Structures are given as C-alpha cells and as structure tokens.
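In what follows, a structure is listed as structure tokens, so that the remarks can point back to it.
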Amino acid sequence: MSGFAADLKPILRLFLAERRGALLLGAALSAATVTAGIALLGLSGWFITATSLAGLSAAAITFDVFAPSAGIRLLAIVRTAARYGERLATHDATLGVLAALRERLFRSFAEPGAARALLHRPARLLFRLTADIDALDSLYLRILVPAAVAIGAALAASLVLGLMHPVFGLCFGLFLAGAGLCLPLIAGRVARKHARSRAHGIEALRSRTIDLVAGQTDLLMAGRLAAQRSAIAAADRYAGRADDQLNRVETGLTFGFGLVSTLLLTASLLAVAVLAETKVITAPVAVLGLLVAFAAVEPFAALRRGALELGRTLLAARRIAPRLAVAAAPEPLVAPLPRCAFSLAKVSAFHENSAVPALEDIELALQQGERLAVIGSSGAGKSSLLALLSGELSARTGNVAAMTATLLTQRTELFEDSLRGNLLLANPDANEARLREALAAAGLLADIEAMARGIDTRLGEGGLGLSGGQSRRLALARLFLRDTPLWLLDEPTEGLDGATARDVLCRLSAMATGRSLVIATHIRREAAIADRIAVIEGGRITEISRRGEAAFEKALDRLRPD
C-alpha cells in the first residue's frame with residue numbers, strides 16, 4: 001500500500017493545490033445530498049405511519065401535521081439543491097484539475113530528454129494525455145467522495161439508530177461500514193490486474209492502429225500489412241478478455257452488495273420489531289429506523305464502479321506521477337572565454353538509462369567565427385556532441401562552456417499551422433519584414449509569394465503541402481530568425497538533391513558570416529565549408545585537422561561525395 005500512496009501523493013497534492021475549495025465544497029454538498037435523502041426517507045416513513053395511527057385514534061385532533069410536512073418539503077428542497085450544486089462543483093473541480101494535469105504533463109514531456117524518447121512512440125504520449133488523465137477523474141468522483149460519503153452515512157445512521165438502542169446503532173454501523181468497505185476493497189484488489197490488462201490492451205490497440213494508419217505505405221512495401229492487422233486484432237482480443245473478467249468481478253460485487261443489504265435490512269427489521277414489541281420505540285419510530293437503515297446502504301453501492309476502476313486509476317497515477325514533479329530549470333551553460341565560441345575540457349556524457357558513455361573525455365574548443373565539421377560513422381557521437389553544446393545533454397564529468405546556440409536537427413519539425421505560425425516559433429517578436437527577410441535568405445520567398453494566401457498559407461500535418469526541399473528551406477528560415485552566435489547543424493542538406501543542397505549551403509554560409517558553426521555530417525559538400533574537421537569515433541575525438549593540412553583533405557576524402 002505504501003507504493004500506492006507514493007503514486008497517489010503527487011496527484012492528490014495537485015488536486016488540492018489547483019481546486020482545494022471546489023473539491024471540498026463538492027464533497028460537502030455530496031454528503032449533504034445523501035444526509036438529506038436519508039432524513040427525507042426516514043421522516044416521510046415516520047410521518048405516514050404516525051398519521052395513519054393517529055387517524056385510527058382520538059389523537060388525530062391534536063396531531064401536528066404541519067411541522068413534519070414542512071420538514072419533508074425542506075429536506076426535499078435541500079436534497080435537490082445540494083444534488084445540483086454537488087454535480088456542478090465536483091465536475092467543474094475535476095475538469096479543472098484534469099486540465100491542469102494535462103498542462104503539467106505536456107510541459108514535462110516537452111523537456112529535451114522526454115521529447116526525444118517519445119519521438120519514436122507518439123501514441124504513448126497521446127495515451128498519457130488522454131486515457132491516463134481521464135482515468136484519474138475516478139479518483140475523486142468515484143473513489144474518494146463516495147467513500148467519504150458512505151462512511152458519513154454509516155455514522156449518521158448509526159447515531160440515529162443508536163438513539164433507539166445503543167447496541168442496535170453500534171452493531172448496524174460496524175457491520176455496514178465493515179462489509180460496505182471490505183467488499184469494494186476485495187473487488188478492487190481482484191479487479192486491479194484485469195483493469196491494468198485492459199488499459200495495456202487499449203493502449204496497444206490504439207498505438208498499433210495509429211502505426212497502421214500512419215505507416216501503411218511502409219507496411220505495404222514491406223509486406224507487413226496483414227501482420228499489423230493481426231497485431232491489432234490480438235490487442236483487441238486481449239482487451240476483450242480483460243473486459244470479460246471485469247464484468248465477472250462486477251457481477252460478483254453486485255451480488256455481494258445485494259446479499260449484505262438483504263442481511264442488514266432483515267436484521268434491522270427484526271431489531272425494530274423487537275424494540276417496538278417491547279415498547280422501547282413506537283411503531284412510527286420503528287418505520288423511521290427501518291427506512292434510515294435502508295437509505296444508509298445506498299451510498300455504499302456507489303463504490304462499485306470506483307472499485308472496478310481502482311486498478312486503472314492506480315496504473316494511471318503510477319505512470320503519470322513521476323512526470324508531475326516540477327523539474328528544476330536547467331542551468332545555463334557557462335559562458336566561454338572572450339572570442340571563444342565553446343570549450344570542452346575532459347567531458348563525458350551519458351544518455352538517459354544508458355551505461356555506455358555517448359561522449360568520453362572530449363577535449364575541444366572553437367574560436368568565435370570559426371567553422372567546425374564533426375565527422376564519423378553512424379552512432380559515433382556526432383549528434384550527442386551537438387546535444388551537449390545546445391544544453392539538451394548534460395555532462396556527467398568535465399567542464400562545458402558555450403555561447404548561446406541554436407540547433408538545426410536532421411528532422412524538420414513542422415506543425416499543422418500557417419507558414420507564419422511555423423516561423424514565429426523561432427522568434428515570436430519577428431515582424432512581417434523580418435519574416436520575409438528570413439524567407440528570402442532561405443530562398444523560399446518566391447515560392448511562398450506564388451501561393452494564394454502567401455505567408456498565411458496553412459500547412460497540413462507534419463508540414464503537408466511543402467516539398468522536402470521547401471520544408472528544409474523553411475527550417476533554415478527559422479534558423480536565420482534565431483539571432484544566436486553559435487549555430488549547430490546536424491546534416492543540414494541530407495535528403496536534398498545536389499542543386500538544392502548546394503544552394504542551401506551557399507545561403508547558410510552567407511548568413512553565418514560572423515557566427516560560429518558546428519556541422520555534424522558524413523557528406524563532403526557540408527564538411528568542405530568548415531575551417532577545421534574533427535573525427536569522432538566511439539564517443540572520442542580521435543583527430544582534428546585544419547584547412548590546408550594534408551589530414552584535412554584526407555578527412556574530406558573519407559566522406560560521401562556530393
């Protein structure tokens with residue numbers, strides 16, 4: 001249980017921090033609704049019975065019908081108003097908390113390490129932001145509030161029945177609270193495994209379906225469409241089996257509640273009958289006691305759904321809780337010495353959850369305005385070096401000092417927005433003239449002006465509507481909008497045809513005048529604009545050469561030709 005408490009603690013803390021007043025108000029109104037319902041049912045039964053008995057005797061003349069009827073009307077109004085207010089308060093508070101959870105979770109996934117890990121599994125991010133967050137609404141609406149209200153109802157009923165006879169009230173309260181809470185706990189424990197299986201099955205079903213839709217061309221070319229459809233069907237069957245098990249648990253819990261209710265009400269009927277027979281209570285009071293016992297059982301039945309969703313809720317909390325901690329803002333890199341773009345001294349760095357260093361014992365420096373090409377085989381550490389210089393990868397040992405940098409990755413990330421919106425991501429304060437200047441420098445302005453809506457043309461998902469070369473030029477324009485002294489380029493012309501690649505490099509070289517460049521590449525044309533070449537293998541710098549040296553030309557010859 002300590003593990004569950006640790007998972008739920010940050011969730012509950014966020015609930016209280018966001019909407020403490022509304023959550024407590026909702027719980028109070030829910031308790032008022034149940035209490036008013038119990039009192040209304042009990043008073044109505046007492047009033048009807050007392051009125052009928054008074055009508056059979058001479059007491060009818062003196063019997064006061066006004067006070068009880070006024071009380072019934074008051075309780076009915078209170079119950080209706082409390083139920084309406086409870087629905088408004090609890091649902092508004094829950095939706096507000098879930099919105100805050102989504103925002104906090106999205107911000108945590110936007111951190112460099114998490115974003116890079118989720119890049120390969122976007123369906124997982126979607127599931128966390130939707131299904132896992134939605135599962136947490138059960139924590140308040142179907143678990144915490146119903147449990148608190150049910151316990152309150154048991155205490156209130158026990159007090160009322162205790163006024164008739166202390167032993168009757170005590171036994172009723174203990175049996176109702178014990179059985180009413182134990183049954184959901186047992187069912188929740190049994191259903192936990194099946195609820196987790198159902199959640200995993202639905203996540204697999206969604207992610208595999210997304211993979212089928214997004215990658216149908218690749219799957220068709222690889223002859224894997226049928227296998228992917230089979231994987232989707234298998235996930236559906238897995239989730240279906242978990243649903244069947246949950247339905248069985250629900251059936252058993254419903255039967256258990258029915259059995260407990262029958263036993264409790266039968267015992268209550270016998271108890272009030274004995275008390276009425278021995279003249280300890282009157283017949284109207286006996287009816288009141290029986291109806292109070294009947295109404296007090298109802299709130300425990302509301303725990304049935306919460307018990308079935310307990311496993312799903314705990315799983316969601318376990319997966320989300322680690323991401324809710326407010327991450328400390330990363331320390332900015334230390335500024336290098338004057339006229340130095342960056343300096344690395346005996347630096348080693350590791351990727352998350354990796355025991356093998358991505359970079360090891362790196363000694364490297366770059367003067368301001370100088371251009372460096374980093375070459376090596378795939379996986380040698382080129383991209384890791386750029387991530388280190390951009391602050392996305394932290395050094396475990398050694399000293400890193402670098403000027404403010406902008407990283408242009410291999411992959412062009414464009415969004416379903418206008419061209420203007422995609423550009424403003426780089427510089428939200430850029431005016432129209434600055435945007436057009438950047439587009440012109442990237443060689444894209446003429447293409448955009450030929451479009452019907454110009455710079456306000458909307459792109460589809462992933463930049464749909466632009467060719468590969470145009471997408472790369474748009475990314476280049478965003479780079480130009482970032483006024484930083486150090487540009488980090490990861491294979492900037494990969495995938496472009498020769499003419500487009502040469503034009504992009506020419507424009508890039510012209511705009512980089514006065515700036516420092518670091519280019520990770522395995523293409524000769526990209527390394528040829530550098531002043532120095534560093535060879536990296538296995539995370540180590542093995543060789544550094546300068547333009548004009550034989551080693552420089554030898555390093556160029558190792559690269560893929562244009």
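Figures for the structure shown
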item: Matching residues, the range 77-90, being exposed (fewer than 15 other Cβ atoms within 10 Å of the Cβ) and of a type outside the set (D, E, K, R); result: 77, 80, 81, 84, 88
item: So residue 354, is it without any contact (Cβ under 8 Å) to a residue 12 or more places away in the chain and over 26 Å from residue 515 (Cα atoms); result: yes
item: Criterion violated by residue 341 - all others in (1) modelled with pLDDT under 90; (2) in a strand (DSSP E or B) satisfied; result: (1)
item: Selection count where residues are under 19 Å from residue 522 (Cα atoms) and within 39 Å of the chain's Cα centre (by Cα), scope the range 344-380; result: 9
item: Number of the exception - residue 67 against (1) among the aliphatic types (A, V, I, L, M); (2) buried (at least 16 other Cβ atoms within 10 Å of the Cβ); (3) modelled with pLDDT of 75 or more; (4) over 30 Å from residue 386 (Cα atoms); result: (2)
item: Filtered residues of the range 508-560 (kept if part of a strand (DSSP E or B) and free of Cβ contacts under 8 Å to residues at least 60 places away in the same chain); result: 523, 542, 543, 545, 546, 560
item: Complete set of residues in the range 480-517 that are within 24 Å of residue 404 (Cβ to Cβ), surrounded by fewer than 18 Cβ atoms within 10 Å (Cβ to Cβ) and basic (Lys, Arg); result: 482
item: Elements of type helices (runs of 4 or more DSSP H) contained in the range 71-164, each with 3 or more residues being at pLDDT 80 or above and closer than 20 Å to residue 38 by Cα; result: 145-164
item: Any hit, the range 432-455, residues being assigned by TED's automatic domain parsing to the domain that holds residue 371, surrounded by 14 or more Cβ atoms within 10 Å (Cβ to Cβ), more than 29 Å from residue 381 (Cβ to Cβ) and touching a strand residue (DSSP E or B) at 6+ places or on another chain (Cβ under 9 Å); result: yes
item: Residue within the range 382-394 that is touching a helix residue (DSSP H, G or I) at 6+ places or on another chain (Cβ under 6 Å), part of a loop (DSSP other than H, G, I, E, B), of a type in the set (Ser, Thr, Tyr) and touching a residue at least 24 places away in the same chain (Cβ under 8 Å) present; result: no
item: Answer from 173, 188, 178, 169 - the residue that is assigned by TED's automatic domain parsing to the domain that holds residue 296, in contact (Cβ under 8 Å) with a residue 60 or more places away in the chain, out of contact with any Pro (no Cβ under 6 Å at 6 or more places or on another chain) and not hydrophobic (A, V, I, L, M, F, W, C); result: 188
item: Any hit, the range 458-474, residues being surrounded by fewer than 20 Cβ atoms within 10 Å (Cβ to Cβ) and at pLDDT 90 or above; result: yes
item: Residues that are buried (at least 22 other Cβ atoms within 10 Å of the Cβ) and over 29 Å from residue 513 (Cβ atoms), drawn from the range 357-379; result: 359
item: Top-ranked residue in the range 317-333 [being touching a helix residue (DSSP H, G or I) at 6+ places or on another chain (Cβ under 6 Å) and small (Gly, Ala, Ser); ranked as modelled with the lowest pLDDT]; result: 321
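The values are calculated or read from the model by the stated rules, or taken from the named source; none is laboratory data. Since we're looking at a predicted model, the values are computed, not measured. Note that each Cβ is placed from the backbone with ideal geometry, even for glycine, and that neighbours are counted across all protein chains shown.
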